[in-house]
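S.K.: What follows is a single structure, and I will ask about it in a moment.
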Amino acid sequence: MRHVQKVMIALALVIVFVFGLTGCGKTIGDMDLEEGQSAIYIQEDGKVSYGVSEKFDKDYYDEDKLEDTINEEVENYNGSSKASVKNAISVDTFKVKSDIATLVIDFATAYDFLTYITGYNNIDKNQFYVGSLADNSDCKIKGDFISPDKKEKLSAKEIKKLDDVNILIVNDSYRVQIDKDVKYMSTNCSVDEDGIITTGKAGEDLSYIIY
């Protein structure tokens with residue numbers, strides 16, 4: 001079967017539908033997500049949680065097969081030389097309820113999150129990155145940046161000169177919570193009163209968050 005553009009984190013080869021995080025009471029950090037949304041939660045200690053979901057309402061969808069595939073991919077990654085620590089990835093939640101599938105996966109480090117997404121989900125390395133700004137060598141940084149309070153504006157050239165900061169670069173729409181001070185974000189991002197950032201849509205320019 002073909003590999004979809006927007007897949008569950010642990011699903012690389014099997015399913016032909018789109019997943020996002022359900023609104024059935026599941027949260028990631030302080031984020032309550034509705035059907036069709038995806039989320040990234042970067043904690044202060046560097047751990048990352050990722051959640052996705054969508055409708056699971058076709059007769060040919062097989063919940064057990066999907067769960068087996070998820071668990072197999074997680075096990076394969078944890079047993080590989082790519083994993084930074086033992087049990088670098090763990091499944092927090094997988095369930096199908098009211099024709100909505102929900103998957104939340106926890107990553108021990110941002111490195112494991114990055115390695116898993118780019119390695120297992122066929123996302124180009126020049127379209128997704130999380131980690132130290134200084135270590136980013138694949139994704140181009142361009143466009144204009146603004147502080148969350150909208151009081152500061154920086155160019156991409158000025159952003160590249162920042163020291164001791166991390167950056168999240170994504171190519172799709174996500175809700176993002178970061179338990180560190182967000183310094184700047186690209187102007188295609190928005191932030192709500194709770195500090196939750198929503199990145200730009202797929203097919204548009206990359207979204208950047210500096211923290």
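S.K.: Looking only at segment 181-196, how many residues end up being surrounded by 18 or more Cβ atoms within 10 Å (Cβ to Cβ) and free of Cβ contacts under 8 Å to residues at least 40 places away in the same chain?
M.R.: Start the filter on segment 181-196 by keeping residues that are surrounded by 18 or more Cβ atoms within 10 Å (Cβ to Cβ), which leaves 182-186, 189, 191, 196.
From what's left, free of Cβ contacts under 8 Å to residues at least 40 places away in the same chain: 182-184, 189.
Count: 4.
S.K.: Taking strands (runs of 3 or more DSSP E) that do not extend beyond segment 83-132, which have at least 3 residues that are out of contact with any helix residue (DSSP H, G or I) (no Cβ under 9 Å at 6 or more places or on another chain)? Talk me through it step by step, then tell me what you get.
M.R.: Details: elements: 89-97, 100-107, 129-132.
Fully inside segment 83-132 and qualifying: 89-97, 100-107.
S.K.: I want to confirm something. Restricting to segment 64-74 and keeping residues that are in contact with a strand residue (DSSP E or B) (Cβ under 9 Å, 6 or more places away or on another chain) and open to solvent by 40 Å² or more (accessible area, probe 1.4 Å), which single residue is nearest to SER49 (Cα to Cα)?
M.R.: Once the filter is applied, the top-ranked residue is ASN71.
S.K.: Within segment 26-70, count every residue that is of a type in the set (Phe, Trp, Tyr) and within 17 Å of the chain's Cα centre (by Cα). Give the derivation first.
M.R.: The first filter runs over segment 26-70 and keeps only residues of a type in the set (Phe, Trp, Tyr), leaving 41, 50, 56, 60-61.
Now drop any that are not within 17 Å of the chain's Cα centre (by Cα), which leaves 41, 50.
Within segment 26-70, residues that are of a type in the set (Phe, Trp, Tyr) and within 17 Å of the chain's Cα centre (by Cα) number 2.
S.K.: Which ones in segment 110-134 are surrounded by fewer than 15 Cβ atoms within 10 Å (Cβ to Cβ) and touching a strand residue (DSSP E or B) at 6+ places or on another chain (Cβ under 7 Å)?
M.R.: Matches in segment 110-134: SER132 only.
S.K.: I need the full set of residues from segment 146-180 which are under 20 Å from ILE40 (Cα atoms), open to solvent by 40 Å² or more (accessible area, probe 1.4 Å) and charged (D, E, K, R), in order please.
M.R.: Within segment 146-180, ARG175, ASP179, LYS180 qualify.
S.K.: Considering segment 37-63 alone, what residues qualify as being open to solvent by 40 Å² or more (accessible area, probe 1.4 Å) and not in a loop (DSSP other than H, G, I, E, B)?
M.R.: GLN37, GLU54, LYS55, GLU63
S.K.: Sticking with this structure for a sec: Regarding SER137, is this residue modelled with pLDDT under 90 and open to solvent by 40 Å² or more (accessible area, probe 1.4 Å)?
M.R.: No.
S.K.: Of all residues in segment 163-175, count the ones that are free of Cβ contacts under 8 Å to residues at least 60 places away in the same chain and out of contact with any strand residue (DSSP E or B) (no Cβ under 7 Å at 6 or more places or on another chain). Explain how you work it out, then say what you get.
M.R.: First, the residues of segment 163-175 that are free of Cβ contacts under 8 Å to residues at least 60 places away in the same chain: 163-167, 169, 171.
From what is left, the residues that are out of contact with any strand residue (DSSP E or B) (no Cβ under 7 Å at 6 or more places or on another chain) are 163-164, 171.
Qualifying residue count, segment 163-175: 3.
S.K.: Name the single residue, out of those in segment 75-90 being more than 17 Å from ALA110 (Cβ to Cβ) and charged (D, E, K, R), that is most open to solvent (accessible area, probe 1.4 Å). I'd like the intermediate steps shown before the answer.
M.R.: Restricting attention to segment 75-90, the residues satisfying the condition of being more than 17 Å from ALA110 (Cβ to Cβ) are 75-76, 79-81, 86.
Narrowing the set further to residues that are charged (D, E, K, R) leaves 75, 86.
Values: GLU75: 134, LYS86: 174 Å².
My answer is LYS86.
The values are calculated or read from the model by the stated rules, or taken from the named source; none is laboratory data. This structure is a prediction, so every number in the text was calculated from the model and none was measured. Please note: Cβ atoms are built from the backbone with ideal geometry, for glycine as well, and neighbour counts cover all protein chains shown. These accessible areas exclude ligands, DNA and RNA; they are computed on the full protein's heavy atoms, side chains included. Shrake-Rupley method; radii C 1.70, N 1.55, O 1.52, S 1.80 Å.
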